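Here is the structure we will look at, set down as structure tokens.
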Amino acid sequence: MNEEKQSRISWMDVLWLLFLLGLAALPPVWERHKQLVLLAIGVVQLAEGRIIANWPRYGRSLVVLIKILLATLLINHTGELGINSSYYPIYYVPIVTAAIHFGSWGTLLWTALASAAYCSYLYPALQEYTLTPTGAAELAIRIMFFFLAAMVVNRFTLENRRKTTQYQQVAEQLTEVNRQLERAQAEARRSERLAALGQLSAGLAHEIRNPLGVIKGSAETLNRKLEDSNPLASELAGYISSEVNRASALVTRFLDFARPLRIETRLLRVTDLLDQALKSVAEQWKGEPIVVQREYQGDLPLVPLDENLCEQVFLNLVQNAYEAMGEDGGTFRVEVSGTSSNGRKGVQVRLKDTGPGVPAEMREQIFNPFVTTKKTGVGLGLSIVSKIVDEHHGTIRLEKSDEKGAGFVIFFPVEEEAGQGAGGS
Ligand SMILES: Nc1ncnc2c1ncn2[C@@H]1O[C@H](COP(=O)(O)OP(=O)(O)O)[C@@H](O)[C@H]1O
Ligand SMILES: [Mg+2]
């Protein structure tokens, strides 16, 4: 695109050069001033783009003004009487320039000024000659053509400019729609994966639970029976029992995750739930100190939320943020504001920490179950969060930004609309 533009400019420059050379080769060839003026016109023409870019405010006026002056000088050096010079069409140069760069009134004004500059040669001419009716008519015709050219070029440029703006707007809209589509697709993919994994783990967990119960029961019986006669075997049986307990707890969590959620909403203040979660995590926190910065917009609407589930959402997210900043401490920014997303009114919560952030290759996956980078993590936190937010017809996304740390943006709609924003789940 850029290249194309550049090559078009240089093509125009060549045309200008040929045009000015042509004028230079025409009589009066030995008139030094005429050739100098032509040279100056060439220079201004070449520098025009740069002048306008450097002085966006006055550049256009400056260029047109200089061109009018040069045209007037050229006329003076190409005829006995300036007004009779056959070079008078040189005024088309400033006139067309004005028509390209100004609106309708600006163009009319500059054309009037160029015409006035041309007519100024009437004054010396009238000192020696009188103006015949034919002469006056000729002059009027020339000036009328100045205006005609100006208005035609101006109309054309304005129309062109309007179309360009229109295309730009359409292009911007398309980009936005594209972005929304990509987001929706990613969300749909996530929901599909969640559903499939959820079913699988539910089935598996269910099947594993029964044998686990039997193993645990047997180990406890063994433990009791062997308590005195064989301490080693008894100790081993104790391990079996405690490990089975762990496995059983894990299975219960899987099942919790896989079970369809039954949400019971009430109109609640998002900030209350958030404060509750912030308080519980901070109370249990044993790592480096973390500063919490709250920015809650006043007058926030109440949102239909399931109290327990949403507190769980915030607990998981806040816990993750604290764990991410655990080593060096940091600042946790919590912003809540009323906004609209895809034409739905709602409340947006933005949680931004100053931890290491989420690596690019993990962005797509972190909402999937069992994705974790922590030694003792299970990787269910965010998938549960995402499931709960989906159930509320809300959205959650990880911000893309160059700032340090991870930023999660959650949106809860104010009105529950059946089938709206279920995120493909
Ligand atoms: N605030 C955060 N900053 C950096 N990484 C995060 C953050 N929150 C989540 N993650 C990444 O996403 C993974 C999944 O989180 P989660 O589903 O809560 O599981 P878990 O906390 O058990 O690892 C984490 O292991 C971590 O790598
Ligand atoms: Mg977690």
Exercise for review: Determine ³J(HN,Hα), in whole Hz, for all residues of the stretch 398-409 in sequence, where each value follows from phi through the Karplus function 6.51 cos²θ - 1.76 cosθ + 1.60 and θ = phi - 60°; x replaces Gly and Pro.
Suggested key: 8, 5, 9, 7, 7, 5, 5, x, 9, x, 10, 10
Study note, to complete from the structure: 1/(1 + (r/R0)^6) with r = Cβ-Cβ of L204 and V170, R0 = 51 Å, i.e. FRET efficiency to nearest 0.05, evaluates to 0.50
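I'd like to verify something in the chain: which complete DSSP H helices, judged by Cα projection on the helix axis, reach 30 Å or more and average at least -1.0 on the Kyte-Doolittle scale? Intermediate results must be reported in sequence, preceding the final value.
Numbers: long enough: 2-25 (35 Å, 0.42); 32-54 (32 Å, 0.69); 133-226 (134 Å, -0.28); 231-258 (40 Å, 0.45).
Span-like helices, by this rule, are 2-25, 32-54, 133-226, 231-258.
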Revision key, fill the gap. Non-local residues with an amide H under 5 Å from the amide H of Y296, with H modelled 1.01 Å from N and Pro and chain starts lacking one, are V336
Exercise for review: Quick one: check the C-alpha center-to-center distance for the stretch 19-75 versus the stretch 384-408, whole angstrom.
Suggested key: 60 Å
Revision key, fill the gap. Scoring the chain by relative contact order with C-alpha pairs under 8 Å, at least six apart, yields a percentage of 10 percent
Study note, to complete from the structure: Taking only the Cα positions of the stretch 196-258, the convex hull volume per residue in Å³ is 56 Å³
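Sort 11-24, 304-317 by packing, meaning the average of other beta carbons within 10 Å per residue, with the highest value first. Before the final figure, lay out each step's value.
Working: 11-24: 12.6, 304-317: 20.6.
Answer by packing, highest mean first, reads 304-317, 11-24.
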Review point. Can you give the helix-only mean residue ellipticity at 222 nm for the chain, where every DSSP H stretch with n ≥ 4 adds -39500 (n - 2.57) and the sum goes over all residues, rounded to the nearest 500 deg cm²/dmol?
Key: -22000 deg cm²/dmol
Review point. Taking amide H positions as placed 1.01 Å from N in the peptide plane, with prolines and chain starts having none, which residues 5 or more places from F332, or on another chain, fall under 5 Å of its amide H?
Key: V291, V292, Q293
Check your understanding: When H393, H33, H77 are ordered from fewest to most other Cβ atoms inside 10 Å of their Cβ, what list results?
Key -> H33, H77, H393
Point to revise | Net lengthening on full extension, L113/L26 (0.36 nm per residue, minus Cα-Cα) | key: 28.6 nm
Exercise for review: Collect residues whose amide H, placed 1.01 Å from N in the peptide plane, falls under 5 Å from the amide H of V347; neighbours closer than 5 in sequence don't count.
Suggested key: T339, F412, V414
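Based only on other Cβ atoms within 10 Å, what is the fewest-to-most ordering of D328, D402? Each step should come with its number before you reach the end.
On the way: D328 11, D402 5.
Final ranking by Cβ density, sparse to dense: D402, D328.
In what sequence do L131, L197 fall when counting other Cβ within 10 Å, fewest first?
On the way: L131 12, L197 17.
Ascending number of Cβ neighbours within 10 Å: L131, L197.
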Review point. Within a Cβ distance under 14 Å of S234, other residues only, what is the Lys/Arg minus Asp/Glu net charge?
Key: -2
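Coordinate-derived values only; no laboratory data. Predicted model only: the values in this text are computed from it and were never measured. With ideal geometry, Cβ positions are generated from the backbone for all residues, glycine too; neighbour counts draw on all protein chains shown.
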